[in-house]
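The values are calculated or read from the model by the stated rules, or taken from the named source; none is laboratory data. Just so it is clear, the structure is predicted and the values come from calculations on it, not from any experiment. Because the Cβ atoms are built from the backbone with ideal geometry, glycine has one as well, and the counts that use them run over all protein chains shown.
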Amino acid sequence: MGWLYDSTQMTQPEPNELDTRRRRLLFRATHRGTFENDLMIGGFVRANLAAFTDEDLDALEALMDWPDVDLADWLTGRRPMPDDAPPMLVRIRKAVAG
């Protein structure tokens, strides 16, 4: 989880290198409304944004509609993840848990 706090990895990708959809998704991931989700989700998205497929982007956009409280609880382990958790949520949790 150390990568979440490493400011060298938290730099923004070059805007001209990202399409509009990816830029919008990066903004949503880093402006969740809670600092903890900004770090966890935003850090994951920053680290992987360039490699995401269209299917990954679809999954991440769907996840952005989930309530912050639930996402934070699942990603931090305060509550167990649901059995039917989306694969993108599982990927983020694995990255956060390191």
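Criterion first (surrounded by 10 or more Cβ atoms within 10 Å (Cβ to Cβ) and closer than 24 Å to Arg21 by Cα) does Ala59 satisfy it? For Ala59, the condition - surrounded by 10 or more Cβ atoms within 10 Å (Cβ to Cβ) and closer than 24 Å to Arg21 by Cα - is met.
Determine if the stretch 65-73 includes at least one residue that is within 13 Å of the chain's Cα centre (by Cα) and not in a helix (DSSP H, G or I). Yes, the stretch 65-73 has at least one match. Do we find that Asn37 is out of contact with any helix residue (DSSP H, G or I) (no Cβ under 9 Å at 6 or more places or on another chain), in a helix (DSSP H, G or I) and either modelled with pLDDT under 95 or of a type in the set (A, V, I, L, M) (or both) in this structure? Taking the combined requirement at face value, the residue does not satisfy it. Close contacts from the stretch 72-91, counting a first residue that is under 14 Å from Gly43 (Cα atoms) and surrounded by 12 or more Cβ atoms within 10 Å (Cβ to Cβ) and a second that is charged (D, E, K, R) and modelled with pLDDT of 95 or more, with Cβ to Cβ under 6 Å and a gap of 6+ residues or different chains, come to Leu75/Arg93.
Close contacts from the stretch 15-39, counting a first residue that is at positive phi and a second that is at pLDDT 90 or above, with Cβ to Cβ under 9 Å and a gap of 6+ residues or different chains, come to Gly33/Asp68.
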